[in-house]
1. For Gln104, indicate whether it is farther than 18 Å from Glu30 by Cβ and modelled with pLDDT under 95.
2. Hey, can you tell me all the residues within the stretch 1-51 that are under 23 Å from Asp99 (Cα atoms), out of contact with any Pro (no Cβ under 9 Å at 6 or more places or on another chain) and assigned to a loop (DSSP other than H, G, I, E, B)?
3. Six or more apart or on different chains, Cβ under 7 Å: which pairs go from a residue in the stretch 85-106 that's on the phi > 0 side of the Ramachandran plot and in contact (Cβ under 8 Å) with a residue 24 or more places away in the chain to one that's part of a strand (DSSP E or B) and among the polar types (S, T, N, Q)? Could you list them?
4. Identify the single condition in (1) at pLDDT 95 or above; (2) under 16 Å from the mean Cα position of the chain (by Cα); (3) not β-branched (Val, Ile, Thr) that Gly7 does not satisfy, given that it satisfies every other one.
5. Every residue in the stretch 64-80 that is among the small types (Gly, Ala, Ser) and more than 23 Å from Tyr12 (Cβ to Cβ), please.
6. Name the residues in the stretch 143-154 that are part of a loop (DSSP other than H, G, I, E, B) and either aromatic (Phe, Trp, Tyr) or modelled with pLDDT under 90 (or both), would you?
7. Take the stretch 1-45 and flag every residue that is over 22 Å from Ser81 (Cα atoms), touching a residue at least 12 places away in the same chain (Cβ under 8 Å) and charged (D, E, K, R).
8. Select, from Gln56, Gln17, Gln104, the only residue that is of a type outside the set (Val, Ile, Thr), surrounded by 14 or more Cβ atoms within 10 Å (Cβ to Cβ) and either farther than 29 Å from Asp143 by Cβ or out of contact with any strand residue (DSSP E or B) (no Cβ under 8 Å at 6 or more places or on another chain) (or both).
Amino acid sequence: MSVCPCGMAHDYGECCQPFHTFAKLPESAEQLMRSRFSSFYLKNVDYIIATTAPAQQNLLDKPTLQAWADTMNWTHLTVISHNKVGKRHAQVHFRAYFDNDGQQGVHDERSAFVKVGERWYFLDPTLPTNLTGKQPCLCGSGDKFKTCCGRFLG
């Protein structure tokens with residue numbers, strides 16, 4: 001593979017591959033989102049799981065996620081916007097395009113991300129949190145869930 005699937009027009013080995021091998025960490029939520037798209041494109045669900053918020057990782061069903069990834073044929077990505085939200089959160093609005101058996105489509109999403117320590121993670125809104133607003137946040141910030149990640153997962 002030469003051109004990286006993330007859409008940055010760089011060689012994969014210099015773009016997302018260092019993230020996929022954990023030789024380098026994404027410096028922004030947008031870089032993480034792009035590397036996650038490349039991972040979906042390459043059907044690398046281990047990276048998808050590893051870059052989901054740590055408190056949510058054990059809720060992901062790897063065989064189901066792999067089966068779904070194997071059925072998808074992602075073609076390209078367009079990032080619409082990347083916005084920092086406070087000290088440790090960001091949102092990335094993107095469109096991920098696919099072509100499955102001649103059926104073309106687009107997945108339009110505004111994803112939320114949280115920075116824990118020096119690493120960015122995806123906050124998966126499809127997973128149950130079982131947290132109430134006053135409990136400590138799942139990201140480990142020490143803040144209340146409702147004022148931290150709960151804004152994006154509620």
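The values are calculated or read from the model by the stated rules, or taken from the named source; none is laboratory data. These numbers come from a predicted model, not from an experiment. All Cβ positions, even for glycine, are placed from backbone atoms using ideal geometry, and neighbour counts span all protein chains on display.
1. Taking the combined requirement at face value, the residue satisfies it.
2. Matches in the stretch 1-51: Met1, Ser2, Cys4, Pro5, Cys6, Gly7, Met8, Ala9, His10, Lys43, Asn44.
3. none
4. (1)
5. Once the filter is applied, which keeps residues that are among the small types (Gly, Ala, Ser) and more than 23 Å from Tyr12 (Cβ to Cβ), the stretch 64-80 yields only Ala67.
6. Scanning the stretch 143-154 gives a single hit, Gly154.
7. Lys43
8. Matching residue, one of Gln56, Gln17, Gln104: Gln17.
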